[in-house]
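To start, the structure itself, in structure tokens.
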Amino acid sequence: MKASLASIFLFALIPSMVMAESESQTLSELDFDELMQLKITSVSKKSEKLSEAAAAVYVVTEDEIRRSGATNIPEALRLVPGVDVAQIDPNKWAVSIRGFTGRFANKLLVLIDGRSVYTPTFSGVNWEYFDYLMPDIARIEVIRGPGATLWGANAVNGIINIITREAGENPGGLLSVSAGNEYKGAAIRQGGEVSENMQLRVYAKGKSLDESVNTSGEDQDNGGDYLQTGFRLDMQPNDKQSLTFQGDLYRDDLNEEVYLPSLEAPYSSIVNGDMGARGGNVGVNWGMLTGLDSEVTAKFNYEYYDHHETLFSESRDTFNVELQQQFSPFKNHDLIWGGGYRFSKNNFTSSQYVSLENVRGDSEIWNLFVQDSISFPDQNMTLTLGTKLENNNYTGTELQPNIRLAWVPSEKITWWGAISRANRTPSRADVESTVFTSVIEQNGFPIVSKAYGNKDFKSEQLDAYELGTRWKLLPQLSLDLALYYNEYENLRSSSRGNPYLSDDYTYLIVPLYLGNSIGGHSKGFELLMNWQATARSRYRFVYNYLDIDLSDNEDNDTSSIIISLIEDRALKHQVSLWGAFDLSPSVELDVRLYYNAERSWNEEKIDAIVDADLRLGWQATQALSLSLVGRNLLHSAEQGFITEAWESASEIERSVFLNATLQW
């Protein structure tokens, strides 16, 4: 309570400090009208105004990323309504949209410049692999709700598309150095023109993260060192064509602390281990204008990684090719169609805790999609109809349709609605895994629980119903509201099999078999309000409400654990207030106060929390900027998440660092 009162007092004090300054200063971030005119591409796979998008969309702008002091992508995503971002330990993150949060959140599609980065091993995202230079990110487009009609596998509850700047947008050089109690890093970038129609950018970045503490306040061995480098080459062969080559390489050397079951008393132990990855990607994007309202684009990329941690190791090579065309076949029709093919080769090294039936597993996905946006100019409406036909190794061919309607009665308001279907494709773990989950003791005899995959595992299915508005209530006040009701079928479940003795008769095995018998619904809304209080101060208020209600259609008693994992770990309420202030022509202050409701699972509980982040920035010269950034300021350390397996519970400590950036 003391922390809450202190933070409220701080927020009350800041406006008076700002008002003492000259009235001539203005915030550099976009106002509502400019924001509505932003061009986005993630909703319809084509350029369109944010104001006309028939979806719950938020764009994290370049300026918001800078003013937030974010050092990585998950930190920047904390700014987005409806997104749950939890830090597990210094290196691992749990990120999801509209529930189902976990380290491998399997109902979220993440893209980097349109390239899918989810892993088919667990249908999740290894966030630690993507440590991009934050000033090179132009924007992050986030869609809350399904997008499978255009993007396909895993685009169930949402899509995150990280879009980097074109090489020609940031010529010259940049050197950035940060130092603090939990975070230390350095980055360098150089860009410029190679020729009249060719621009190049290269960068390198490294950072070191300090270890966290456990729930007893003792130091853990789970810090890490990161290195990443990459390039982007943009070419304009003529006034109708564009060509982009880009690629990245990374190396992560990390430590982790895991909680493992054991067949010997006390039947569990904490183990310190190594975790790391080597990987990279390369891609080429080509586009050609074929008319006033028509364009053809083609994309190819290759990605590989070699990942190891205490419980398993794996390597993966992925090839992806896409082709699409946008054109206007009739008046007031904007048609986009295309297809893609994705091949991924995986080699998995098992352990006694996690194993797959086969060392090698190949996956193939092909898809065809079509979508037509029909305009009704007299009614200021746009109706969008589309569907995707997608085929995968496990469940065959599936159809994922959607219908969307946007109504823009004036420049100040947009109403939209959508009905969509999306599927989550099974992962290798769903189909062929064996997982040593826990050990209990009864009369001195170990009883082991093991979970087994299911070769007949089905795709998890969502039918979503959405309604929203973007409304400029007053010249200084705007509102963005999205409501949703989601119906789920075929969610992952588990059923208990008949116990049996181990081959050496030393312990009893209780098998748990994965299935698809859980279903139910979720409902909620996301509210965003922006208030331009003065020319130099802006407030942004966000409130998210989420309620999930699931049940097992077959009354499997062990499914209650999975249901609790989804229902009770989800944040029912999230509230944040961000104040952005220009204290002088060269000094900025940003304070973000936030509230997260409680999380619980399996007799563990994280209480509701109020905390705050702060950034104080100073443009010392035209070339040199300094900033002081604080994270989790109201508590010395707090647990951020309850993991579903293995990771020892960590508390994330208060963090303060100083950054100096020099540009030329």
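Miscellaneous remarks
- Checking every one of the GluC sites (Glu not before Pro) in region 182-254 against DSSP loop status and a limit of 16 other Cβ atoms within 10 Å picks out E196, E218.
- Average projected area [Cα convex hull, region 358-502], square nanometres: 14.9
- Principal axis dimensions, largest first and in whole angstrom, of region 84-128 by Cα: 26, 22, 21
- Cα-only radius of gyration and Dmax that characterise region 73-191, units Å: 15.2, 45
- In Å, descending, principal axis extents of the Cα set of region 188-281: 71, 25, 18
- Of interest is the spacing of the C-alpha centroids, which for region 77-122 and region 421-492 amounts to 12 Å.
- For I112, nonlocal amide neighbours, meaning residues 5 or more places apart or on other chains whose placed amide H falls under 5 Å from its own, are V117, I162.
- Segments 124-135, 606-617 sorted - mean Cβ within 10 Å per residue, highest first: 124-135, 606-617
- Each Lys or Arg adds one and each Asp or Glu takes one away; over the other residues whose Cβ falls under 15 Å from the Cβ of S522, this sums to -4.
- Between the C-alpha center of region 511-554 and that of region 148-164 there is a gap of 17 Å.
- Restricting region 223-294 to trypsin sites (Lys or Arg not before Pro) in coil, as DSSP defines it, with at most 14 other Cβ within 10 Å: K240
- Linear extension gain, V177 paired with F245, 0.36 nm per residue minus alpha-carbon span: 21.7 nm
- Counted charge near P329, where neighbours are those whose Cβ lies closer than 13 Å (Asp, Glu -1; Lys, Arg +1): -2
- Neighbour-limited loop hits for chymotrypsin sites (Phe, Trp or Tyr not before Pro), region 418-527 (at most 11 other Cβ within 10 Å; DSSP other than H, G, I, E, B): Y505
- Rg ratio (alpha-carbon, reference 2.2 N^0.38 Å) - region 345-434: 1.71
- The convex hull of the Cα atoms of region 301-382, projected and averaged over all directions, covers 8.4 nm².
- Local electrostatic count at A54 - Lys and Arg +1, Asp and Glu -1, tallied over other residues with Cβ under 10 Å: -2
- Cα extents of region 448-547 along the three principal axes, largest first (Å): 76, 28, 19
- Of the two radii for region 268-411, the radius of gyration is 1.15 times the Kirkwood radius, both from the alpha carbons; that is the Rg over Rh value.
- Heavy-atom accessible surface of region 402-504: percent carbon and sulfur, 1.4 Å: 55
- Over 23 Å (Cα to Cα) - which of K46/K92; K331/K472; K299/K331; K107/K388; K49/K412 fall in this group: K46/K92; K331/K472; K299/K331
- Part-to-part distance (alpha-carbon centres) for region 575-626 and region 226-249, which is given in Å: 33
- Computed from the alpha carbon positions, the gyration tensor of region 462-501 leads to an equivalent ellipsoid with semi-axes of 47, 12, 4 Å, biggest first.
- Compactness relative to 2.2 N^0.38 Å, alpha carbon Rg of region 382-440: 1.92
- Shown here is the pair-distance distribution of region 502-614: with all Cα-Cα distances grouped in 10 Å bins from zero up to the longest one, the shares run 11, 27, 23, 17, 12, 7, 3, 1 percent.
- By the equivalent-ellipsoid construction on the alpha carbon gyration tensor, region 137-246 comes out with semi-axes of 34, 25, 10 Å, ordered largest to smallest.
- Expressed per residue, the C-alpha convex hull volume of the chain stands at 149 Å³.
- J(HN,Hα) series, region 146-155, from Karplus relation 6.51 cos²θ - 1.76 cosθ + 1.60, nearest Hz, glycine and proline x: x, x, 5, 4, 9, 9, x, 3, 6, 7
The values are calculated or read from the model by the stated rules, or taken from the named source; none is laboratory data. Predicted, not measured: the structure shown is a model, and the values here were computed from it. No Cβ is skipped: glycine too gets one built from the backbone with ideal geometry, and neighbour counts run over all protein chains shown. Surface areas here come from the heavy atoms of the whole protein model, side chains and all, with no ligands, DNA or RNA. Shrake-Rupley method; radii C 1.70, N 1.55, O 1.52, S 1.80 Å.
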